[in-house]
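Peer 1: One structure, pasted below without further comment.
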Amino acid sequence: MDHFLYRDGALFAEDVSVAEIAAAVGTPFYVYSTATLLRHFQLFDDALAGTDHLVCYAMKAASNQAILRTLAQAGAGMDVVSEGEYRRARAAGVPGEKIVFSGVGKTAREIRAALTDGIRQFNVESEPEMDVINAVALDLGVVAPITIRVNPDVDAKTHAKIATGKSENKFGIPISRASEVYARAAALPGLEVIGIDVHIGSQLTELEPFRLAYEKVAELTEQLRSEGHNIRRLDLGGGLGIPYTRSNDAPPLPVEYGQLIKDSLGHLGCEIEIEPGRLIAGNAGLLISDVIYVKSGEGRDFLIVDAAMNDLIRPAMYEAHHDIVAVKEPAPGTEMQPYDIVGPVCESGDTFAKQRNMPRLKSGDLIAFRSAGAYGAVMSSEYNTRPLIPEVLVNGDQFAVIRPRPTFDEIINRDTIPEWL
Ligand code: LLP
């Protein structure tokens, strides 16, 4: 459920008309709903009620500080994967003790920044990384809290580019070697081993892969405890999928996911962390674009819109489907017609949808890409020297630009010309 609904024939974000925002900020832009963000966070928080837990929002999904602060004020922690994300979370007001640091390639510099300013834990992904965290901690005279990410060799049954839990993926240490690696970690004086971390992939649409992974984590917890490790925290990663279409086969709900966690791990008495990103932000954001031209091709019509692959790369990169709707609600019984919906970038990959049924549209009409809140704005680029597009946050009947559109001068003046030119 989200808060983007038609009212009196026009698409609204909560109580604000999308067309009104478009008139104020220009297109294209992203718009997020506070109520939807909070609702999705609350679903996870409620799903784990009764267990000691922290929902650490995977901020890679949508990292604007206004979004982070909205969630942090509701009690969320953050999952970060770079120094930039760490600093952004801190700038948004998230305390270090609610930030977990994930990622396969944390550098010594990143580790130092987090250890200096406060961190809940590092999710360690390899033995060399473990040694670097130990060395930096000793140098700073602190002890670094860590979990070790295990790779359970489970098929997440998702797109190959976002599956992370098979042994051929670059993530974590093989679960078969956990015993040995935990023993090594325990012997390093700069580390305090507090738990286990696992994350098997993103946009999972079934619970079974989670069940398989979490059962392995339960077994490993008992084994490591019997080997003398004080395993007291389990970070279970993110990955629960969202409905990208309004069909009936929606992915499992957070409450079902929470029940699975309790059933498979509840008996261990560990503190539970989860790192959902997409489910919190995905359906809380739209990309709004304007039709530049309607072009008749051979046997097909193109809608050339002012958003492009640099603004939303998911269709080009993962063949991802986003529902696309007209901002002006089609009257009941309106005849639909198929369009190829494309951006202005000079490559054929800049195609959002092929033969998508839409009401008849004309130049100047607004369209909305649904489910664009996660991995939308954060993955955008300035390819073709197209400015990064604004982000707007709606809260009830108010809206605010939370990232303005840069001017061309700001973009162009970032380049510096060497003196020999
Ligand atoms: N934790 C870790 C360690 C992760 O690597 C990820 C996502 C998450 C949590 C959050 O997963 P989520 O709940 O959002 O599924 N750009 C891709 C998705 C990449 C996901 C990367 N890792 C896309 O647009 O589909």
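Peer 1: Would you pick out the residues in segment 76-104 that are farther than 21 Å from Leu234 by Cα and free of Cβ contacts under 8 Å to residues at least 24 places away in the same chain?
Peer 2: Matches in segment 76-104: Gly84 only.
Peer 1: For segment 278-317, name all the residues that are within 16 Å of the ligand (Cβ to nearest atom) and surrounded by fewer than 24 Cβ atoms within 10 Å (Cβ to Cβ).
Peer 2: Asn310, Ile313, Arg314, Pro315, Ala316, Met317
Peer 1: Give the number of residues within segment 346-376 that are under 29 Å from the mean Cα position of the chain (by Cα), open to solvent by 10 Å² or more (accessible area, probe 1.4 Å) and not aromatic (Phe, Trp, Tyr).
Peer 2: The total comes to 11.
Peer 1: Determine whether segment 164-171 contains at least one residue that is touching a Gly at 6+ places or on another chain (Cβ under 6 Å) and touching a residue at least 12 places away in the same chain (Cβ under 8 Å).
Peer 2: Residues of segment 164-171 touching a Gly at 6+ places or on another chain (Cβ under 6 Å): 164-165.
Filter once more, keeping what is touching a residue at least 12 places away in the same chain (Cβ under 8 Å): 164-165.
Yes, segment 164-171 contains at least one residue that is touching a Gly at 6+ places or on another chain (Cβ under 6 Å) and touching a residue at least 12 places away in the same chain (Cβ under 8 Å).
Peer 1: Which one of these is of a type in the set (Ser, Thr, Tyr), at pLDDT 95 or above and either under 25 Å from Leu279 (Cβ atoms) or within 14 Å of the ligand (Cβ to nearest atom) (or both): Ser179, Ser202? Walk me through it before giving the result.
Peer 2: Working: Ser179 fails: either under 25 Å from Leu279 (Cβ atoms) or within 14 Å of the ligand (Cβ to nearest atom) (or both).
Unique residue meeting the criteria: Ser202.
Peer 1: What are the pairs, 6+ residues apart or on separate chains, where a residue within segment 180-207 that is in contact (Cβ under 8 Å) with a residue 60 or more places away in the chain and farther than 19 Å from Asn169 by Cβ has its Cβ under 7 Å from a residue that is within 11 Å of the ligand (Cβ to nearest atom) and not small (Gly, Ala, Ser)?
Peer 2: Gly195/Asp235
Peer 1: Restricting attention to segment 362-380, does a residue exist that is of a type in the set (Val, Ile, Thr) and either more than 30 Å from Arg39 (Cβ to Cβ) or modelled with pLDDT under 95 (or both)?
Peer 2: Taking segment 362-380 first, the residues of a type in the set (Val, Ile, Thr) are 367, 378.
Going one step further and asking which of them are either more than 30 Å from Arg39 (Cβ to Cβ) or modelled with pLDDT under 95 (or both), we end up with none.
There is no residue in segment 362-380 that is of a type in the set (Val, Ile, Thr) and either more than 30 Å from Arg39 (Cβ to Cβ) or modelled with pLDDT under 95 (or both).
Peer 1: Looking at this structure, is Ala156 surrounded by 14 or more Cβ atoms within 10 Å (Cβ to Cβ), at pLDDT 95 or above and not hydroxyl-bearing (Ser, Thr, Tyr)? So that I can check it myself, show each step before the final result.
Peer 2: Values: surrounded by 14 or more Cβ atoms within 10 Å (Cβ to Cβ): yes; at pLDDT 95 or above: no; not hydroxyl-bearing (Ser, Thr, Tyr): yes.
No; evaluated as a whole, the condition is false for this residue.
Peer 1: Taking Phe122, is it of a type in the set (Phe, Trp, Tyr) and touching a residue at least 24 places away in the same chain (Cβ under 8 Å)? Let's see the steps before the verdict.
Peer 2: Values: of a type in the set (Phe, Trp, Tyr): yes; touching a residue at least 24 places away in the same chain (Cβ under 8 Å): yes.
Yes: the conditions hold for Phe122.
The values are calculated or read from the model by the stated rules, or taken from the named source; none is laboratory data. All values derive from a computational prediction rather than experimental measurement. Here the Cβ is made from the backbone with ideal geometry for all residues, glycine too, and neighbour counts use every protein chain on show. Note: areas computed on protein heavy atoms with side chains; ligands, DNA, RNA excluded. Shrake-Rupley method; radii C 1.70, N 1.55, O 1.52, S 1.80 Å.
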